[in-house]
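Bear in mind that the values in this text are calculations on the coordinates, not laboratory data. From a predicted model like this one, the values you see are computed outputs, not experimental measurements. No Cβ is skipped: glycine too gets one built from the backbone with ideal geometry, and neighbour counts run over all protein chains shown.
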């Protein structure tokens, strides 16, 4: 988590400036941090969480082992979009090998992950134990290397050596762009056949439209408490709104599609069937999954702790539902009559150290069958086999829902608290209102 980084930035640094009469640079390129043992992983964590302030790291005999989740870092380094960090690592083959893990092997695993992900990393391996002897010897060399080209800016994946799967989706050289800000809480990004994006400011009960030219306009002055929403094959915008599901036409006129439950998110299939999630809002009622078809509604599943985001596979044979209060995304097989079978925990989400669940919310799929999930750790995307292949952070560390918009459906939109961002990506989104499409089989 970012606790230590926040302690330094918000408390210690201001205190030093006040008591010592100095001015500390706030430039990330001027920020360096280091440590040994637990201090090493602490220094790395500060840079990992706040690369906007720390980009040069010295790590000696780092505790990247099974203590407080430190052993997760090599996996996360391989999956998370690379960050602008340079790191010098030191360890020895006689380092600790105890109940928490093997420090010598863990440091090598961490170094190999950093190389795999395209980080600027150098190491000094020796024969030492868990002490400061070798680190003292190599410290001058480490400082020269970490600062070798200052003031040139440290950039993520500068040499394009990353072999991460995240590169299949995004280019680190193409950043997020701000679409709009100042909202109370953004949700429900939905995309029509033109590629225009509509989203809700839930707190203000308004719906906004992002045109293909990027122009932002108000679509509904009163969304009637609109939340999760999606377009249907008929071109109407279907939205959970209070105790109703509404269908909005282009003129902004609504009709009631269903009522009697407070939905969260929904998806509309090419055949017109609507699936909507109803969490146990009060913490005691069971979550429900609703099917709305031919003017009738019925519950087709219960039992999730907090049913939230929902979408379908590109071929529309599988329904995916996020359980926000767990690690899991559930998969169901859609039957010809719309009912569901073969429910299973299928996609396992990463969870940050600051939470006990993934917070999985809005979801979408691309035409290659990847599933994208808005979570506490960012946008996690998975292959068809259920494995998280990559994690894409957002600029403000928040994301509630996502959608693929733009003329070619190759711009990823993210509702992120009081802001909405967009980013050009290398994939094209599959729209549930469109014709079913069978993606190619997944690889390793």
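Springs join every pair of Cα atoms under 10 Å in this Gaussian network model of the chain, and among 427, 312, 299 the largest mean-square fluctuation is at 299.
Per-residue Cβ neighbour counts within 10 Å put 4, 64, 183 in the sequence 4, 183, 64, beginning with the fewest.
A value for volume of the Cα convex hull per residue in Å³ was derived from the coordinates, and within the list (1) 150; (2) 128; (3) 164 it appears as (3).
In the chain, helical runs assigned H by DSSP with n ≥ 4 each contribute -39500 (n - 2.57); averaged across all residues and rounded to the nearest 500, the mean residue ellipticity at 222 nm is -4000 deg cm²/dmol. This ranking places 419, 426 by how few other beta-carbon atoms lie within 10 Å of each, fewest first, which gives 426, 419. The angle separating the long axis of helix 103-116 from the principal Cα axis of greatest extent in the chain is about 60 degrees. A rounded overall shape is assigned to region 168-430, the ratio a/c of its alpha-carbon gyration tensor axes (a ≥ b ≥ c) being less than 1.5. Between residue 333 and residue 94, the distance separating the two model label sites (each 7 Å from Cα on the Cα→Cβ line) works out to 6.0 nm. Placing a label point 7 Å from the Cα of residue 143 along the Cα-to-Cβ direction, the residues of region 50-84 with a backbone N closer than 16 Å are 56-60. The angle between the Cα long axis of helix 133-146 and the main principal axis of the chain comes to about 60°, on a 0 to 90 degree scale. For region 405-440 versus region 21-56, the spacing of their alpha-carbon centroids is 35 Å.
Which residues in region 407-423 have a backbone N closer than 14 Å to a point placed 7 Å from the Cα of residue 2 along the Cα-to-Cβ line? It comes to 417-418, nothing else. In terms of other Cβ atoms within 10 Å, 196, 81 run from fewest to most in the order 196, 81. For the pair residue 418 and residue 72, a Förster radius of 41 Å applied to the C-beta separation gives a FRET efficiency near 0.85, rounded to the nearest 0.05. Between the C-alpha center of region 369-401 and that of region 128-169 there is a gap of 27 Å.
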